[in-house]
Each structure stands twice: as structure tokens, then as C-alpha cells.
1. Between residue 371 and residue 282, how high is the FRET efficiency from 1/(1 + (r/R0)^6) when r is the Cβ-Cβ distance and R₀ = 41 Å? Nearest 0.05.
2. Quickly work out the residue 91-to-residue 254 label distance, labels modelled 7 Å from Cα along the C-beta direction, and quote it in nm with one decimal.
3. Taking the simple approach of a point 7 Å from Cα along Cα-to-Cβ for both residue 363 and residue 333, what is their distance in nm?
4. Could you give the length gained by full extension between residue 264 and residue 382, i.e. 0.36 nm per residue of separation minus their alpha carbon distance, to one decimal place?
5. Which value in nm describes the separation of the simple spin-label points at residue 213 and residue 196, placed 7 Å from the Cα toward the beta carbon?
6. Round to a whole angstrom and tell me the spacing of the C-alpha centers of segment 91-153 and segment 208-281.
7. Using a ≥ b ≥ c from the Cα gyration tensor of segment 294-364 (square roots of the eigenvalues), is it rounded, prolate or oblate, where a/c under 1.5 gives rounded and otherwise the larger of a/b and b/c decides, a/b for prolate?
8. So if R0 is 51 Å, what FRET efficiency would residue 231 and residue 50 give, r being the distance between their Cβ atoms, rounded to the nearest 0.05?
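What follows draws every value from the coordinates through simple rules; no lab data is involved. Keep in mind that what you see is a predicted model, and the values were worked out from it rather than measured. Cβ atoms come from the backbone with ideal geometry, glycine included; neighbour counts cover every protein chain shown.
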């Protein structure tokens, strides 16, 4: 426990040593005198202190609850907000139709979007720390590309005129099962390399190459297939939570829950990794184990969410940066829960805009909406980083 306190920025009281500061602009190690009081976790601490942090988390929770109720109430058949609240709190509904719409039609997609957004954001924060790359996200290992490839094989190759129409096994496997199988194949290769090599840079390069290979295979399938079959594949790749059922939600919840629970135990080791792998190792942290656990959980998450919800882009990339910017700290004990809340809000708001409001006859893909959040954040990260370098 004492070692983890050092990793989070604490030093022994009344003794000489070093102080490790963690902030949104980076990390540094400073010599400290023997009579200096210990620095708070995360270096200088978040902007505004504990009051700002509590207020921010309260605001995010209220915002999340508000968008959940709003998204459930809106649709092709609007349901009054008080009626939604009565159904969700178990006080009964005025009509059985409202109860069925809320619980069976709309609540599964809202829960799926909430869990997927939270877990993708937390996974993105972990990947950015592990790879020391501000542009890393849960899909960096190429697992989502493997899921798309598996889905493409079934969507484009089976059916009446498909070139795999005779393979009943693939037809019975279905799009979701094939996507999970494709993601698992890429996952086995990526984690095999991670376990054997242990170098996150090599793992990153291997993941990118696997993603390119899977993408090239999908392009070849598209080139030789019937154009009329491409619409289903296009819809799958652009992301959607509106078709998730309660049975499918169990799988999504298991994958997302694993990442969220694991993040509770990885916050302190990730803080130490901000200062470098050698420093974290000197504190007694098993760096390779942290890498393997994080990569396994996030890769499974990327595969499952892509299989059931499509490739929801930009959330895992943008949410951690927004969390660090609002908190003014890189302390994972604050960044990870804030990222989860922000990621959930982004996905649910995107789903509301994309078609959950019931104002349009057709629904846009989630990626078309999340890109409006993610792309400006990426530009902000790049430009602010360049401005800091030029200011030195």
C-alpha cells in the first residue's frame, strides 16, 4: 500500500525523497526537502479542489439521469416523463402499452448505450496511458476490424446468392456470432504477441497491422459481392444500440462490467505508469501483468461492443481528454470515473440526436454524431500539445 501511495504522488512525511506530480500536461519527479508536507494525489490536484470535483461529478450524474429519462420518453410513440419515471421506479404504469415500450423496447438500448459509452471511455483512458499515446483508444488493437471482417463474411457471403450460401454453419452462426469470432481471432494473435513480447509499442504496431489486414480483407469481399448486399454491412459498421435486446444485453453488460470493475484496481498502477515503466517497476508493480490485464479486458470489450452495437468510434478517444481537461489532473482515481460518466453521456446524447428523438423517419448511425464530438477533441489535443511545445 505504501508503494502505491508513492505511485500516486505521496512521499513519507518528515523525510527526504521525491515528489511525483501528475497533471494534464504531463508528469515530473522533483526532489523535496525533509520538512515539506506530502503532495496530494495527482500532483497539484484537480482545478478548484474537492468542491469542484464533487460538483462536477454531481452535474455529470444528473445530466446522465436526465438524458436516460429523455431518451426513453421520446420516440415514434412519445411517453410522458412522469409515466417513464413511474415505470422505472416500479410504481406501475397507466397503460400496459407504455410499460411494454419502456421496459422491452427502449430500456435495453439505453442501458446498452450507457454501458458501452462508459466502458469505451474507461478503456480509452487505459490505452492512452499504456501506450503513452493521446490518440489511442479501445480499437487500437485491431479487434474491431476483426469483428467487422467476421460480420462481413456472413452478411456478404451467405444468403440466396452469396458465395458461401452452402455453408449452413455460417448462416446459423449469424452476424453477431461471426463478429465475435472475428474479434476473438484477432484478439488471440494480439494478446499472444503481448504476452510474448511485453513491449506496448510492438503490441500497438501489431494491432494496427492486424486492423489493416482485416480492413483489406473486407475491401476484397466488398469488391466481389453483390452491391445490393452492401447496405447491411454499412449499417453494421456505423454503430447502433437501438437493436440490442435483453438477451444480448447480458453479454454486453458482462464485457463492459469487466472493464469498469478492473479499472477500480488499476487506477494506482496506471498512475505509476504515467512516470514510466521503469519507475513503476521499481515500486513493485508488475508492469507486464498490468499490461496484459488491461489489454485483455479492453480487447474483449472492443470485440463485443462492435459485434452487438457496431463500431462506436471517437468515444474512447474523446471522453478521457474531456475528463482530464475538466478536472485538470491525470490522476486515474478521478479520470476513470469521470471518463465513464462522460462517455455514457456522449453515447446517449448521440443516440438521441441520431434518431432516438423520434423526429425523423430514419435514424442516422452513431458514428456520424460522435464524430462531431471526437474530431474537435482530437484537434484540440494536437493543437494544445503543439502550443505547449512552442511555449517552452
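1. Values: r = 41 Å, r/R0 = 1.01.
It comes to 0.50.
2. According to this spin-label approximation, the distance is 3.6 nm.
3. Using points 7 Å along Cα→Cβ, the separation is 4.0 nm.
4. Gain on stretching residue 264 to residue 382: 39.6 nm.
5. 1.1 nm
6. First find each Cα centre; the distance between them is then 9 Å.
7. Numbers: a/c = 3.39, a/b = 1.43, b/c = 2.36.
In terms of gyration-tensor shape, oblate.
8. Working: r = 52 Å, r/R0 = 1.02.
Once rounded, the FRET efficiency stands at 0.50.
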